[in-house]
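The values are calculated or read from the model by the stated rules, or taken from the named source; none is laboratory data. No experiment lies behind these values; they were computed from the predicted model shown. So basically every Cβ, Gly included, is an ideal-geometry build from the backbone, and we count neighbours across all protein chains shown.
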Amino acid sequence: MRTLFAFLTPLLLATSLYSAEVTLEQSSESVKATIGDDVFLVFQFDKNRRKPFALPVTGPGGFELLKSAKASEEEGAAGRKVIIADESPKLKGGKADFKIGDEVEVGKIEGDWLEIPAKKLWIHRSSVAPMVATVTRQINDNPTKGLDRKHPLYYDHPHHKGIWLSVDEIEGIKFWNEDGEIKNQSVEIVKKSGNPAVLETVNHWVGTDGKTLLKEETTISVYANRLLSYDVTFTAPEQDVNIRDTKEGMFGIRLPNSMREMIAGGPVTNAEGAEGTAATWGRTTNWIDYKGPVDGHVFGVTIMDHPKNPWKSRYHVRNYGLFSINPFGAGAYTKGRDDEQPAHHRVLKPNGEKLNFKYGLYVHGGETTKDDINKVFKQFAKAK
């Protein structure tokens, strides 16, 4: 009976996830995406940050994993912690000033309500993301210095925030490194609920002199199977804009330390079957999948290149948890290799010229196979 239950649980969980509807809920500086009652991700447009991003982002089954999780004092462990995912979380039994990104310890769980003993109140599951299923590294504005790279609290590249869009070498400005600022101008929910639910954003890429170099219009579609589609269009509103060849771009995610290939060993694989970040870095392929554990439970993130993009993009995938796809780095990625390409420089003109790219990101459980990913890739490729 126990074996049968173990077999049926992921099957029943998958059925409920695929039948659930995605709902978008907008607040002043964020949009929360839930699948049923579970938080999938939070798009953040905090004007105190240098760019918009999505954080936290969760894999499937987090609430069930949280129910059986044990509290842990081990550094970097998720244990029974949850991340606040709501500007105005749903509470009962008390009041508290929570911010998105705050981490709190859970006590008892009764139905859809989670006890927060430190605050002497209860919070609804739709207002939190279980850390035990979170596939994005938390922001740490005051990291401990001098830690070994393999330490669970090691923190590098602070510009890697959740899921984000940016690229270096725009008129010589390193937006990837946050030297320039990507300022959100508007957020509109086009389709509040469904499969997909749809969000549109407009962002201005502003140089160090305050001038807008690029206008970015992005349509984000959120699917119930945890597929994200980013449809990104760039225009140059004021002047010719030089986009220089660089490896530092463009659509990326920063995975938590426990999922790093250098710690967990992956696997990291591409659509052709190549394995490892070293073998897949800077290559073209329909997709790359990066797997790793969170508190012993394996999750995966797949980034996808749309077949109708103007040219093939290459993947900036590292063993330390950076994972991105970039259309502007052919020269940087292939320099000195047998497939060496010339540097890929572009000039975008303010005459109505557009650059459009579409990328997918799929968050899944560790049992997901290559065939499963290929099916989701077909879903992504066919979507409007």
### Query
Exactly one of (1) surrounded by 14 or more Cβ atoms within 10 Å (Cβ to Cβ); (2) closer than 30 Å to LYS108 by Cα; (3) not acidic (Asp, Glu) is unmet by ASN140. Its number?
(1)
### the stretch 333-384, residues that are under 30 Å from VAL132 (Cβ atoms) and touching a helix residue (DSSP H, G or I) at 6+ places or on another chain (Cβ under 6 Å)
GLY360, TYR362
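Using the structure shown, decide if PHE328 is modelled with pLDDT of 95 or more, assigned to a loop (DSSP other than H, G, I, E, B) and under 27 Å from the mean Cα position of the chain (by Cα).
yes
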### Query
Restricted to the stretch 310-325, and to residues that are of a type in the set (Phe, Trp, Tyr) and in a loop (DSSP other than H, G, I, E, B), which residue is farthest from THR58 (Cα to Cα)?
TRP311
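Among the strands (runs of 3 or more DSSP E) confined wholly to the stretch 268-309, which include 3 or more residues that are at pLDDT 95 or above and closer than 23 Å to PHE328 by Cβ? Quick ask: steps written out before the conclusion?
Numbers: elements: 268-270, 287-294, 297-305.
Once the strands (runs of 3 or more DSSP E) in the stretch 268-309 are filtered for at least 3 residues that are at pLDDT 95 or above and closer than 23 Å to PHE328 by Cβ, what remains is 287-294, 297-305.
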### Query
Going by the structure shown, is LYS192 in contact (Cβ under 8 Å) with a residue 24 or more places away in the chain, farther than 30 Å from ASP38 by Cβ and not polar (S, T, N, Q)?
no
### Options VAL167, VAL268, VAL222: the member that is among the aliphatic types (A, V, I, L, M) and over 17 Å from VAL363 (Cβ atoms)
VAL167
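Can you tell which of VAL347, VAL301, VAL317 is surrounded by fewer than 15 Cβ atoms within 10 Å (Cβ to Cβ) and of a type in the set (A, V, I, L, M)? Don't jump to the end; show me each part of the working.
Details: VAL301 fails: surrounded by fewer than 15 Cβ atoms within 10 Å (Cβ to Cβ); VAL317 fails: surrounded by fewer than 15 Cβ atoms within 10 Å (Cβ to Cβ).
After applying the criteria, what remains is VAL347.
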## Note on the structure
Every listed condition ((1) in contact with an Asp or Glu (Cβ under 7 Å, 6 or more places away or on another chain); (2) under 30 Å from GLY336 (Cβ atoms); (3) crowded, with 19+ Cβ neighbours inside 10 Å) holds for ILE288 save (1)
### Message
Checking the structure you have, find out if any residue of the stretch 333-342 is surrounded by 21 or more Cβ atoms within 10 Å (Cβ to Cβ) and at pLDDT 95 or above.
### Response
yes
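Residue-by-condition table, conditions (1) in a strand (DSSP E or B); (2) in contact with a helix residue (DSSP H, G or I) (Cβ under 9 Å, 6 or more places away or on another chain); (3) closer than 24 Å to GLN138 by Cβ; (4) of a type in the set (Ser, Thr, Tyr):
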position: HIS160; (1), (2), (3), (4): no, no, yes, no
position: ILE182; (1), (2), (3), (4): yes, no, yes, no
position: THR201; (1), (2), (3), (4): yes, no, yes, yes
position: LEU213; (1), (2), (3), (4): yes, no, no, no
position: THR219; (1), (2), (3), (4): yes, no, no, yes
position: TYR230; (1), (2), (3), (4): yes, no, yes, yes
position: ASP245; (1), (2), (3), (4): no, yes, no, no
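Having 1 or more residues that are of a type in the set (Asp, Glu) and either surrounded by fewer than 22 Cβ atoms within 10 Å (Cβ to Cβ) or not assigned by TED's automatic domain parsing to the domain that holds VAL363 (or both) is the bar; report the strands (runs of 3 or more DSSP E) wholly within the stretch 21-118 that clear it.
On the way: elements: 22-26, 30-35, 38-44, 53-57, 81-84, 103-105, 113-116.
Where strands (runs of 3 or more DSSP E) fall fully within the stretch 21-118 and carry at least 1 residues being of a type in the set (Asp, Glu) and either surrounded by fewer than 22 Cβ atoms within 10 Å (Cβ to Cβ) or not assigned by TED's automatic domain parsing to the domain that holds VAL363 (or both), they are 22-26, 38-44, 103-105, 113-116.
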### Query
Here are some residues: LYS247, LYS291. Which one is basic (Lys, Arg) and farther than 28 Å from ASP179 by Cα?
LYS291
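Which of the residues that make up the stretch 121-158 are part of a strand (DSSP E or B) and more than 18 Å from the chain's Cα centre (by Cα)? Give the derivation first.
Going through the stretch 121-158, the residues part of a strand (DSSP E or B) turn out to be 121-124, 128-130, 134.
Those that are part of a strand (DSSP E or B) and more than 18 Å from the chain's Cα centre (by Cα): LEU121, TRP122, ILE123, HIS124.
Could you tell me whether any residue of the stretch 156-173 is of a type in the set (Val, Ile, Thr), touching a residue at least 12 places away in the same chain (Cβ under 8 Å) and farther than 27 Å from ASN319 by Cβ?
Quick first cut of the stretch 156-173, residues of a type in the set (Val, Ile, Thr) only: 163, 167, 170, 173.
Pick out the ones that are also touching a residue at least 12 places away in the same chain (Cβ under 8 Å) and you get 163, 167, 170, 173.
Next cut, farther than 27 Å from ASN319 by Cβ only: 170, 173.
Checked against the condition, which is being of a type in the set (Val, Ile, Thr), touching a residue at least 12 places away in the same chain (Cβ under 8 Å) and farther than 27 Å from ASN319 by Cβ, the stretch 156-173 yields at least one hit.
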